[in-house]
Amino acid sequence: LAQGAGQAGGQAANPVAGTVSASLGHLNDDAYQYGNQAGVNEQGAAPWLALNLRYRPAPDSGDTAYWRIEGERLGLETPRFFLEVGQQGSQRLRVDFREIPRYRFDDARTPLQGAGTAVFTLPQNWQATGATTAGMSNLQESLHEVNLWQKRRSLELDYRRTLGPQWALDVDFRRDTVQGTRTLAGATGATGGNVRALLLPGPLDYETHSAGLSLAYLGDAMRWTLGYHGSFFSNGDRSVLWPTPFGAHPQWGAGVGHPDGLNRMALEPDNQAHQLRASGSYTITRRTRLYLDAVLGRQSQDEQFLPYTVNSQLAVTAALPRESLNARVNTSRLDLRLSSRPLSRLNLSTRIGYRDRDNRTPIAAYQRVRGDAVDQQAFADARLNRPYSLAEARASLEATWRFSSRLRLEAGYEFTDTDRDYSEVETTREHGVRLGLRSTQLDTLALALSYQHQRRRTDDYIGNRPYIQTHMPGTIDAEDFENHPLLRKYYLSERDRDQLRLHADWYPLSQLSLGAALAWNRDDYPTGYFGLNKSQVLSATFDVSYTPAEDFSVSAFYSRDRYRNDQSGRSFRGSVPADAFNPGRNWQVSATDHFETVGLNLEREQLQPRLGDWQASGSVDVSLQLAHSRSRGEIATEAGPALTNAPLPDLGTRLNTATMAARYHLSAQSSLRFALERELYRSSDFAFDNVEPDTLANVLLFGQDSPRYKATWVSLSYRYQY
Amino acid sequence: LLILAGVSAAWAQADYVDDDPRMCLVCHGPGTPLAADDIMHGAHGVVGNADSPFATGQLGCQSCHGPSSEHLGMVDGVRPLPGVVFDQRQPAAERDAVCLSCHEDETGHYWVGSAHEFADLSCTGCHTLHPLADAMLSFQQVNEQCTDCHQRQRAEILQASSHPLRSGQMTCTDCHAPHGGPGPAELTAFTLNEQCLDCHTEKRGPFLWEHAPVAEDCSSCHTPHGSPHRGLMAARTPFLCQQCHLAAFHPSNLESGAGVPPQGASNNILGRDCTSCHTQVHGSNHPSGSGLTR
């Protein structure tokens, strides 16, 4: 047979197949955020390479070695390269490298010097005569532009070797780095309206190494895998240090304002995570199989603490309770799944599971220096850290009943019990039922319909429990509160959730298909409370695909989504106790996000261009891709008579992309491709538009505008096909 | 050695074509209208691998297509199908049994009971075997393949804030296991947070001052595929924050147009609103950072 394969179809084939392309593109104008997708955002020309090659041994060689390479945008800012090499049936190595930039803003402005570093300074002639931005007399002349961006580089190696007919070993390694300049916010002060802040172009210098090792036994009746996975994060910067740009505030300590005041923020500490994993399955009978997953893990970090404050002028009498946190979270997970087909028409899947996040981090009292601005707190005012733990138990049963090969009913039930500590609610229990129907009764129509209802109930919601537990014992009365007593946090609150899904595919002709999908979700929370009261999602998608010939296809889709959240609250001042009980200070917000997306894709191959009597010797493939996406955010506010209210402007984003391409085949192996891409992006956001660095009195902003760009990208590629 | 041994007891009795693949290639060889010979030049044609369908002792095309001698003739003017055809005419479970007889190790532990298996999506619903290249193995094409069905996600990744899926720098399979995974939504990690923290390791902590929903569930605030709000936030801040924070003074303020120029200028709604001060919203390790400002 092998000989037959070689003789019949294999001898003429080149063991190396695929394509290599060399391209040159030109961008008509600077378009900063366009680079996120395209890998180029500066006006001018840029070359790049692309590869897609694979090697298979000749069928009659008896060899099993193979390799596969895929590379895209090699030479641009968004390259990705993948290599797989191995011997089929015995071992393989995969290498995956990619660079992922994120260009956020190129028009941010700041007076700070040292963008992207851990230490900032103000210009030597910086003037700040008051505790607001109005007192920064030479702000405008000190502002300069900074780019906010990041680039992730990821290299992953994955080696798998078959150790015998039933054994396999897998080893993987990955290194990720993230570098760039990001937005941080530096606040000074913390109480009674004395906070001042400025946005910082902070550093990004992350590095993560992760590695895994697993051994698998792949028997006929029993299979299992044992493995270890470790991940190690390190941050190149331990903290950020910046000078206070505001003049002294009367409530701040001496020497906190400009020119002497300094501030320091801790950046993300180095950390580690380890996991031991075991999974297995066992065939109990021909139609029943048991699956098991068990994971034990630990997350830890023990970076040395920064001092309470960097301002030596402030009084600090009590030492830190610990040199470092010695934080440790033990995680565990156990899942059992029984899959069975007791009757030819019935499929059953039962799961029970348990997961646990057991935070063993020690608790201590921290006598803070708030916002590097006031003397250290007294012991009675210290804060206790809260090491959150959580345990979750789950059980579910899914069943499918086949009335026929074309019609089946699905039903399911699930139960989740979650226990938390240091939380307003200690236990939540959620029951869910699901019913679905799938039908292909008609040859040309496939239908799927499902409905799901979930009901979450909780034990008593004690809103001030975290408040009490973070303060020194005896310092907070049982009636005191931080959040309003009528607040119910949505992720801890009782909730009724309903979901409806409908999906239909219609194939009126063999070349034509039409699809529609509708989804409706609604979450209801208890009435009479503040917080999220109701959320609703409505989504509709329609698509059409037409393929009149093998070398001609058209497809299009339209999608419309609406997300709506209704929430409420009461505005109250701690200095006016009656506020908390005054319904005239109630407010409601209804935020609705509308999305609309349209896409079109057309491909026509093997065209034979001709003009009069002239006919091209090669054929042409043409394609057209259009995408339009827009969102509109409406935020409607209502307020009681004691509050001031005014309508908010709408938010908006709009993306239009059009790509036209033509490939001319010079020969069977080589071709030229010309592509023109035009992309327009616009957004409007009241938080940025017409907001200058000093628009706010107490926060010095970057003053950048909402992103918008227009980009025209023209490229010419030569491709050789092996 | 027979790949299909055990797939169907009936097949053992059935009639195989002797001269496979030569006989098959008479109609399905190079240049024929129903050419299928490319499969011999792809992964399935590596005959040095004893498990290959075309290796010595295997059954060639019938290794997957089953006993097909009837397919050589005509019955009432119609050519009977091969033993197994990989389209809607054959139940998905029967088609998949053929693939799984060799590839169960690779599909892994979670296929049975997975979303795709439960929805009767067969292997060949995503994978193409006869052409030399399978789109599911190409990082440039896999997203297109997934969003062909997951159309809501196709629309979401065009939103202003999204993971870099449009360009193929990230693929759906970076987070989701199409053959089934241990986590919710067939994630490759055991929990949603583990999945997110696999890349966003800096947010793993544990921090001295944790933000409770961060430690529990990233999706309390973020949505994974696309959002019009920065940072893939599920809703607009400060309103998202105010769904859980309603303390005296600024956390409970009504933020409205009265705080937007030209009517006013509120610290809590312009710029980065809450995170203009509370920048360490994922957790702080500063001993004075309990308010997540340090």
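Worth a mention:
- With respect to the conditions (1) within 10 Å of another protein chain (Cβ to nearest Cβ); (2) surrounded by fewer than 19 Cβ atoms within 10 Å (Cβ to Cβ), A:ALA399 lacks only one, and its number is (1).
- Taking the criterion of being free of Cβ contacts under 8 Å to residues at least 24 places away in the same chain and surrounded by 12 or more Cβ atoms within 10 Å (Cβ to Cβ), the residues of the range B:14-27 that qualify are B:ASP19, B:ARG22, B:LEU25, B:VAL26, B:CYS27.
- The range A:130-169: number of residues that are within 14 Å of chain B (Cβ to nearest Cβ), over 30 Å from A:THR78 (Cβ atoms) and of a type in the set (D, E, K, R): 1
- Considering only residues in the range B:184-206 that are in contact with a strand residue (DSSP E or B) (Cβ under 9 Å, 6 or more places away or on another chain) and in a loop (DSSP other than H, G, I, E, B), the one that is surrounded by the fewest Cβ atoms within 10 Å (Cβ to Cβ) turns out to be B:THR188.
- The range A:219-274, subset touching a Leu at 6+ places or on another chain (Cβ under 7 Å) and of a type in the set (Phe, Trp, Tyr), residue farthest from A:THR129 (Cα to Cα): A:TYR228
- Among the candidates A:ALA294, A:ALA221, A:ALA278, the residue that is surrounded by fewer than 22 Cβ atoms within 10 Å (Cβ to Cβ) and modelled with pLDDT under 95 is uniquely A:ALA221.
- Test: residue in the range A:16-31 that is under 28 Å from the mean Cα position of the chain (by Cα) and crowded, with 20+ Cβ neighbours inside 10 Å: yes
- Hey, A:ALA327 small (Gly, Ala, Ser), at the interface with chain B (Cβ under 10 Å from one of its Cβ atoms), in contact with a strand residue (DSSP E or B) (Cβ under 9 Å, 6 or more places away or on another chain) and buried (at least 16 other Cβ atoms within 10 Å of the Cβ) or not: yes
- Counted residues, the range A:130-181 - those being charged (D, E, K, R), without any contact (Cβ under 8 Å) to a residue 60 or more places away in the chain and more than 30 Å from A:GLY280 (Cβ to Cβ): 6
- Taken as a whole, the range A:432-441 holds at least one residue that is exposed (fewer than 15 other Cβ atoms within 10 Å of the Cβ), touching a strand residue (DSSP E or B) at 6+ places or on another chain (Cβ under 9 Å) and modelled with pLDDT under 95.
- B:PRO228 meets each of the listed conditions (1) touching a residue at least 60 places away in the same chain (Cβ under 8 Å); (2) more than 7 Å from chain A (Cβ to nearest Cβ) apart from (2).
- The conditions of being in contact with a helix residue (DSSP H, G or I) (Cβ under 9 Å, 6 or more places away or on another chain), modelled with pLDDT of 95 or more and assigned to a strand (DSSP E or B) are not met by A:THR547.
- Flag if A:GLU42 is modelled with pLDDT of 95 or more and within 11 Å of chain B (Cβ to nearest Cβ): no
- Residue within the range A:433-456 that is closer than 21 Å to A:ARG357 by Cα and among the hydroxyl-bearing types (Ser, Thr, Tyr) present: no
- Residue that is nearest to A:HIS628 (Cα to Cα), among those in the range A:649-683 that are among the hydrophobic types (A, V, I, L, M, F, W, C) and touching a Ser or Thr at 6+ places or on another chain (Cβ under 6 Å): A:LEU655
- Strands (runs of 3 or more DSSP E) within the range A:7-106 that include 2 or more residues of a type in the set (S, T, N, Q) and more than 30 Å from B:HIS28 (Cα to Cα): A:16-27
- Only one of A:VAL374, A:VAL369 that is at negative phi and in contact with a Phe, Trp or Tyr (Cβ under 6 Å, 6 or more places away or on another chain): A:VAL369
- Every residue from the range B:235-275 that is facing chain A (nearest Cβ under 7 Å), farther than 19 Å from A:PRO485 by Cβ and outside any helix (DSSP H, G or I): B:ALA235, B:ARG236, B:SER256, B:VAL260, B:PRO261, B:GLN263, B:ALA265, B:ASN267, B:ILE269, B:LEU270, B:GLY271, B:ARG272
- Residue list for the range A:688-722, filter: at the interface with another protein chain (Cβ under 8 Å from one of its Cβ atoms) and farther than 26 Å from A:ASP29 by Cβ: A:THR695, A:LEU696, A:ALA697, A:ASN698, A:VAL699, A:LEU701
- Residue count for the range A:365-383, restricted to those that are within 9 Å of chain B (Cβ to nearest Cβ) and surrounded by fewer than 18 Cβ atoms within 10 Å (Cβ to Cβ): 0
- Screening B:SER138 with (1) over 19 Å from A:PHE82 (Cα atoms); (2) facing another protein chain (nearest Cβ under 9 Å); (3) among the hydroxyl-bearing types (Ser, Thr, Tyr) gives one miss only, at (1).
- Qualifying residue in the range A:356-370 (condition: more than 30 Å from A:LEU306 (Cα to Cα), in a strand (DSSP E or B) and of a type in the set (A, V, I, L, M)): no
- Residue, farthest from B:GLU117 (Cα to Cα), within the range A:402-442, restricted to residues that are β-branched (Val, Ile, Thr) and more than 10 Å from chain B (Cβ to nearest Cβ): A:VAL425
- Residue ID - surrounded by the most Cβ atoms within 10 Å (Cβ to Cβ), chosen from residues in the range B:207-226 that are outside any helix (DSSP H, G or I) and touching a helix residue (DSSP H, G or I) at 6+ places or on another chain (Cβ under 8 Å): B:GLY226
The values are calculated or read from the model by the stated rules, or taken from the named source; none is laboratory data. Not measured: the values here are computed from a predicted model. FYI the Cβ positions are ideal-geometry reconstructions off the backbone, even for glycines, and counts take in every protein chain you see.
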